[in-house]
1. At pLDDT 85 or above and either more than 21 Å from the chain's Cα centre (by Cα) or crowded, with 16+ Cβ neighbours inside 10 Å (or both) - does that describe any residue in the range 328-343?
2. Taking the range 390-419 as the search range and keeping residues that are among the aromatic types (Phe, Trp, Tyr) and crowded, with 18+ Cβ neighbours inside 10 Å, which one is modelled with the lowest pLDDT?
3. Could you please let me know if ARG287 is at pLDDT below 85 and crowded, with 17+ Cβ neighbours inside 10 Å?
4. Can you pull out every residue in the range 313-327 that is of a type outside the set (A, V, I, L, M) and either touching a Ser or Thr at 6+ places or on another chain (Cβ under 8 Å) or not in a helix (DSSP H, G or I) (or both)?
5. From the list VAL246, VAL279, exactly one residue is surrounded by fewer than 22 Cβ atoms within 10 Å (Cβ to Cβ) and either at pLDDT below 85 or in contact with a Pro (Cβ under 8 Å, 6 or more places away or on another chain) (or both). Which is it?
6. Across the range 147-165, which residue is modelled with the lowest pLDDT among those that are open to solvent by less than 20 Å² (accessible area, probe 1.4 Å) and touching a Phe, Trp or Tyr at 6+ places or on another chain (Cβ under 7 Å)?
Amino acid sequence: MRKTFQGYVEVGRRPAFRRFWLGMTISRAGDAFTTVTLAWVVLDIAGPVQLGVVLMCFGLPRIVSGPVAGRALERFRPRNLLAADNAARGLLIAVVPCLLWGHHLVIGDLYGIAAISALLSSVTEVAEAALVPRLVDDGQLDAANSLLSANWELAYIVGPAVAGVIVATLGAPFALLCDAVSFAVMSVICVGLPALGPASQTATTEKAEPPRRNVLGLAILFRFPAVLVLSFCGFGMLFLDGVATVLYPAYCRSFLHAGAAGYGILMSAAGVGALLGVVAGAALAGRLPPSLRIGAVIATGAPLFALLRLASDLPVAAILLGLAVFAWGPYSVFERTLVQRLVPDDMRSRLFGARIMISSLGFPLGSVIGGVLISGIGVPAVILAIACSYLLLGLLPLLAPALRGLDAAAGSRVQDYRFDPDGA
């Protein structure tokens, strides 16, 4: 634990990374504002099905724009693209309160704004992973990536509660303006990042790679059976998160009879649980064999989530959801670390690009299906369906031979199973 803390301190001493981390934290907090505020706006002017479609529009276009953003970052200065991306998205979000004040907002406007924002956001999402190795030393990558993962959870502790209070007191338009300002701040911070050249310039002295027939890189997943299993698990986790994201506002409104502030409190409780799970996960489950570690993290939160069906009021629901998300918190850290150890350097970028194309389908697909399920079978039944799905998904890594083959190596040293294409 002391070594981990020292790593965080060392990374924090890097001015460029510290600036980038701060910008990402502010931007993530703005994203939390958008999620809470737009969810309430959509439920006011439409319903849960339309909310699912809006959330789908916020995620699905990244399947197309992700590879384009990657190529753009190879040709142009990253800080210029990041500044332009965040400035453009800030302007898009600022359009929504203007339409609300003018009483001209219709659900179709939100579909379009969400889709365009998602197309642009791939620049920041890809750059977050691509820039870190250029901002810190190789030995600091683990600490840097952990801090960047934690800022999302930190943003969702503060953002939803503040957004809920602002919506309840000042109204949704003002909350959306706060989000637009967060994008503007991120844009200014990006301008101040080091003037790193395009990624392609760093490879000018290396032998050019021959063109690949498999442009999307999906076939590379089949060379790593364990990574393929983890990719299915990741898709499932994002799918269920999409269903749950649509569930939460409807759960607050129709089951707990809580308002926007209550919804914000519930989301903040989930953020606290996730952050604590990320911080404490390695200490609690890091020594388990890989298959058991991944499976246990997925399945442990399911019974707690199912108890939301019996929650009598908001405080009880917030505690239960916080505990459930605490159990799920370390999943992304464990999975990302395991994949990085299994895949060699010269294949990692292609493989992660292929994984992003797959995982990007999970959340928006889950959002749409979640809206349909809530309208069709009701909130209580959807709660139980999500809990059962987590239990079933947790069985996949436990039963998959590709992951079970890693368990023996885990008893000796992690390096013993690095870069093994067979996952054994």
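1. Taking the range 328-343 first, the residues at pLDDT 85 or above are 328, 331.
Then keep just the ones that are either more than 21 Å from the chain's Cα centre (by Cα) or crowded, with 16+ Cβ neighbours inside 10 Å (or both); that gives 328, 331.
Yes, there is a match, as at least one residue in the range 328-343 is at pLDDT 85 or above and either more than 21 Å from the chain's Cα centre (by Cα) or crowded, with 16+ Cβ neighbours inside 10 Å (or both).
2. Only one residue tops the list, namely TYR417.
3. Numbers: at pLDDT below 85: yes; crowded, with 17+ Cβ neighbours inside 10 Å: no.
No: the conditions fail for ARG287.
4. Narrowing the range 313-327 to residues of a type outside the set (A, V, I, L, M): 313, 315, 322, 326.
The answer is ASP313, and nothing else.
5. On the way: VAL246 fails: surrounded by fewer than 22 Cβ atoms within 10 Å (Cβ to Cβ).
Going through VAL246, VAL279 in turn, just one is surrounded by fewer than 22 Cβ atoms within 10 Å (Cβ to Cβ) and either at pLDDT below 85 or in contact with a Pro (Cβ under 8 Å, 6 or more places away or on another chain) (or both): VAL279.
6. So the residue we want is GLY159.
Matching residues to (1) within 25 Å of GLY362 (Cα to Cα); (2) out of contact with any Gly (no Cβ under 8 Å at 6 or more places or on another chain):
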residue: ARG14; (1), (2): no, yes
residue: MET24; (1), (2): yes, yes
residue: ASP31; (1), (2): yes, no
residue: PRO48; (1), (2): yes, no
residue: LEU60; (1), (2): yes, yes
residue: PRO78; (1), (2): no, yes
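The values are calculated or read from the model by the stated rules, or taken from the named source; none is laboratory data. On a predicted model such as this, the values are computed, not experimentally measured, just so you know. With ideal geometry, Cβ positions are generated from the backbone for all residues, glycine too; neighbour counts draw on all protein chains shown. Note: accessible area is taken over every heavy atom of the protein model, side chains too, but ligands, DNA and RNA are not part of it. Shrake-Rupley method; radii C 1.70, N 1.55, O 1.52, S 1.80 Å.
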